[in-house]
There are 2 protein chains.
Amino acid sequence: MPDDRTPNLKLPTASDRTIGRLSLYRRMLNIVKAEGRPYVYSHQIAALCGVTPAQVRRDLMSIGYSGSPNRGYDTSELLWSIEDFLYDPKGQNVALVGVGNLGRAILAYFTGRRPRLSVVAAFDNDPAKHSRVILGCRCYPLDQIEPVVRAQEIRVGILTVPASAAQLVAERLVEAGVCGLLNFAPMALRLPLHVHVEDIDLAMSLEKVAFFSRRRSRPVAATDKVAGS
Amino acid sequence: MPDDRTPNLKLPTASDRTIGRLSLYRRMLNIVKAEGRPYVYSHQIAALCGVTPAQVRRDLMSIGYSGSPNRGYDTSELLWSIEDFLYDPKGQNVALVGVGNLGRAILAYFTGRRPRLSVVAAFDNDPAKHSRVILGCRCYPLDQIEPVVRAQEIRVGILTVPASAAQLVAERLVEAGVCGLLNFAPMALRLPLHVHVEDIDLAMSLEKVAFFSRRRSRPVAATDKVAGS
DNA sequence: GGATGTGAATAGGTTCACAGCG
DNA sequence: CGCTGTGAACCTATTCACATCC
């Protein structure tokens, strides 16, 4: 029995994959805009992102933005439209747990880069790191997760702790109000359904590449076809 | 017109997703084995990996390993079977290009960890890093890519360079014989079809998490359901 | 003419459900 | 019984193809 008391405003429903590509389009549109081009066609976006033009149009359909049949999409308007869809107008605070090699690299990668989504707190159980500011980010002991996450209204967490600690730390974050996790620990987290987990498994990815590199035929001719649309 | 001169041995065909999960199963089976359990059921593997039992059986089917209906799978045999399928018996050498924060973290992550798949060379255009051994890995200037990759028969590359350099570096690697790339640069690489590229886009992943964390309803009751099979 | 927007067709991956077996 | 192996159903994502518009 479908619930038809859905609000009138047709809230767009985009799949996981679509969200990822929208993030990509956004980045590429920034480049297009920087080049001073006021309009783009779907096939141009597609080429930049390595997808098909139909895919681009389908994705843009899902956020309800329409282009003009003969000029394509208005670069600035489309960019604004995607940002409006993807981002929280107030911005979102992020916490990172596990300030090891990977944690530091991730911190460096995100620090100061994006205003709408900033890593505002780091946690580690190494006392040598506490109270220090690492890459523009205050570092706290693990038992400060609860108060800090609550105080800064952090809803997104990045997990760069060893697999053995991941489940426990994740639960603490969720307990404190986090409902989205970017998990680098090679472990399947068991968490409440309302929490969205995105896994990045470096070892798995490398093994996949290694596997498929073995399967690929060696280059046959000097003039190989080129991948992408 | 299908080519039916396929060799008789039914070479297993596994999809991209399946390869990723096999890598996961392998890791979990190592744990199961370390616990001294000689047999596992598909539902146990499934629980450890956060997938469904049917999925596990399907995946194992694709590598042609069979279990026993009442004891499940022989842990050691299955482990061996997966490793035999995933890994090159001779081992594979890997090169990393871009020894920045992320590059170093990745190096630290993989160094000495896995015998069948080792990062044996790093490249960077910062002269301060040349000829040094960073995390057990010799660092060369970029113009040494060709000779080093050829000499060590490297077929897999890890790209941790800025987006602006990614395409060029990737082409050089491929030119030297690389046919699998783990790409951390936020850019769609345009490469010959025989090259397998696995993209890890950190910014995109974080944006996805942030997006879905906004959509998720806050916890309603104290006793939430738990995700996973 | 060449673009967009979109229903319909296709491809691909996951789950169901059940036969078969120990 | 409860497990495995697997055809078939299902569901999701992508692509095709074409009506439509400037």
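More than 19 angstrom separation, counting every C-alpha pair in the stretch B:43-179; what % is that? List each step's numbers first, then the result.
Numbers: 5471 of 9316 pairs.
Summing the P(r) of the stretch B:43-179 above 19 Å gives 59 percent of all pairs.
Could you work out the relative contact order of chain A, using alpha carbon pairs under 8 angstrom and six or more residues apart, expressed as a whole percent? Write down the numbers at each step before the final one.
Details: 306 pairs, mean separation 31.8, N = 229.
Worked out over chain A, it gives 14 percent.
Normalised by the number of residues in the stretch A:11-116, what is the relative contact order in percent for Cα pairs under 8 Å and 6+ residues apart? Walk me through the numbers before you get to the answer.
On the way: 86 pairs, mean separation 29.0, N = 106.
Relative contact order here is 27 percent.
Tell me which residues come under 5 Å, amide H to amide H, from A:Ile200 once H is placed; ignore anything under 5 positions away on its chain.
A:Asn183, A:Phe184
What number, rounded to the nearest 500 deg cm²/dmol, is the helix-based mean residue ellipticity at 222 nm of chain B, given -39500 (n - 2.57) per DSSP H run of at least four residues and division by all its residues? Intermediate results must be reported in sequence, preceding the final value.
Details: 8 runs with 93 residues, N = 229.
Taking each H run of at least 4 residues, the total per residue is -12500 deg cm²/dmol.
Would you grab the residues whose amide H sits under 5 Å from the one on A:Gly157? Only those 5+ places off in sequence or on another chain, please, with H modelled 1.01 Å from N.
So A:Gly157 has HN proximity to A:Ala95, A:Gly180, A:Leu181, A:Leu182.
Once every Cα of the protein assembly as shown carries one equal point scatterer and solvent is ignored, give the base-10 log of I(q)/I(0) from the Debye formula at q = 0.08, 0.11, 0.14 Å⁻¹, two decimals.
Debye intensities relative to I(0), on a log10 scale: -0.53, -1.04, -1.58.
Measure nothing but the geometry: give the 0 to 90° angle between the long axis through the Cα atoms of B:101-110 and the longest principal axis through the Cα atoms of chain B, rounded to 10°.
For B:101-110 against chain B, the angle is about 50 degrees.
If I model a spin label as a point 7 Å beyond the Cα along the Cα-Cβ vector, how far apart are those points for A:Ala54 and A:Ser15 in nm?
Inter-label distance under the simple model: 1.4 nm.
Report the one residue of A:Gln167, A:Pro53, A:Ile200 whose Cα lies farthest in the direction of the positive end of the charge dipole of chain A (charges on C-beta: Lys and Arg +1, Asp and Glu -1; origin at the Cα centre).
Toward the positive end, the furthest listed residue is A:Pro53.
Along the axis that rotates chain B into chain A, which residue of chain B has the nearest beta-carbon, and what is the gap in whole Å?
B:Ala105, 2
May I ask you to derive the FRET efficiency for A:Trp80 and B:Arg214 from their Cβ-Cβ distance with R0 = 22 Å, giving the value to the nearest 0.05?
Values: r = 18 Å, r/R0 = 0.82.
It comes out at approximately 0.75.
How large, in Å, is the stretch B:116-200 by the Kirkwood hydrodynamic radius built from its alpha-carbon pairs? Don't skip to the end; give the middle numbers.
Details: mean 1/r = 0.0766 Å⁻¹.
Kirkwood radius, the stretch B:116-200: 13.1 Å.
Which three semi-axes in whole Å describe the equivalent ellipsoid of the stretch B:92-150, each the square root of 5 times a Cα gyration tensor eigenvalue, listed largest first? Don't jump to the answer; show the numbers that get you there.
Working: eigenvalues 60, 38, 14 Å².
So the equivalent ellipsoid measures 17, 14, 8 Å along its semi-axes.
Only four residue types carry charge here, +1 at the Cβ of Lys and Arg and -1 at the Cβ of Asp and Glu. Report the dipole size of the stretch A:155-202 about the Cα centre in Debye, rounded to the nearest 20. Mind dumping the intermediate values first?
Details: 3 positive and 5 negative charges, 25 e Å.
It works out to roughly 120 debye.
By how many degrees, 0 to 90 and rounded to 10, does the Cα axis of helix B:163-175 deviate from the longest principal axis of chain B?
With rounding to tens, the tilt is 90 degrees.
How much of the pair distance distribution for the stretch A:34-117 lies past 20 Å, counting alpha-carbon pairs only, in percent?
More than 20 Å apart: 51 percent of the Cα pairs in the stretch A:34-117.
Measuring nothing but label to label, 7 Å from Cα along Cα→Cβ, what are A:Arg113's distances to the other copies in nm, shortest first?
From this label point to the equivalent ones elsewhere in the assembly: 2.0 nm.
Which chymotrypsin sites (Phe, Trp or Tyr not before Pro) in the stretch B:15-84 sit in a loop by DSSP (not H, G, I, E or B) and have at most 16 other Cβ atoms within 10 Å of their own Cβ?
On the way: sites: B:Tyr25, B:Tyr39, B:Tyr41, B:Tyr65, B:Tyr73, B:Trp80; in loops: B:Tyr41, B:Tyr65.
The qualifying sites are B:Tyr41.
Considering only Cα-Cα distances, which of the following residue pairs are longer than 26 Å: B:Lys129/B:Lys208; A:Lys90/B:Lys208; A:Lys208/B:Lys33; A:Lys33/B:Lys208; A:Lys208/B:Lys129? Walk me through the numbers on the way to the answer.
Working: B:Lys129/B:Lys208 35 Å; A:Lys90/B:Lys208 17 Å; A:Lys208/B:Lys33 23 Å; A:Lys33/B:Lys208 23 Å; A:Lys208/B:Lys129 29 Å.
Long pairs (Cα-Cα over 26 Å): B:Lys129/B:Lys208; A:Lys208/B:Lys129.
Against the 2.2 N^0.38 Å scaling, with N counting residues, where does chain B land? I'd like the Cα-based Rg ratio to two decimal places. Present the calculation step by step, with values, prior to reporting the outcome.
On the way: Rg = 21.1 Å, N = 229, 2.2 N^0.38 = 17.3 Å.
Compared with the compact-globule rule of thumb, chain B sits at 1.21.
For A:Pro141, which inter-copy label distances result when the label point lies 7 Å beyond Cα on the Cα-to-Cβ vector, reported in nm to one decimal and in ascending order?
5.0
For B:Ala121, which sequence-distant residues (separation of 5 or more, or a different chain) have an amide H within less than 5 Å of its own amide H, given hydrogens modelled in the peptide plane?
Sorted by chain and number, the residues that satisfy this are B:Val94, B:Leu96.
For the pair B:Glu171 and B:Ser68, how long in nm is the line joining their label points, each one 7 Å along Cα→Cβ?
5.8 nm
For chain A, take the longest principal axis of its alpha carbons; what is the angle in degrees between that and the long axis of helix A:16-34, to the nearest 10 within 0 to 90?
70 degrees
Each reported figure results from applying straightforward, stated rules to the coordinates on display, with no laboratory input. Every value quoted in this text rests on a predicted model; they were computed, and no experiment measured them. Note that we place each Cβ from the backbone using ideal geometry, even for glycine, and neighbour counts take in every protein chain shown.
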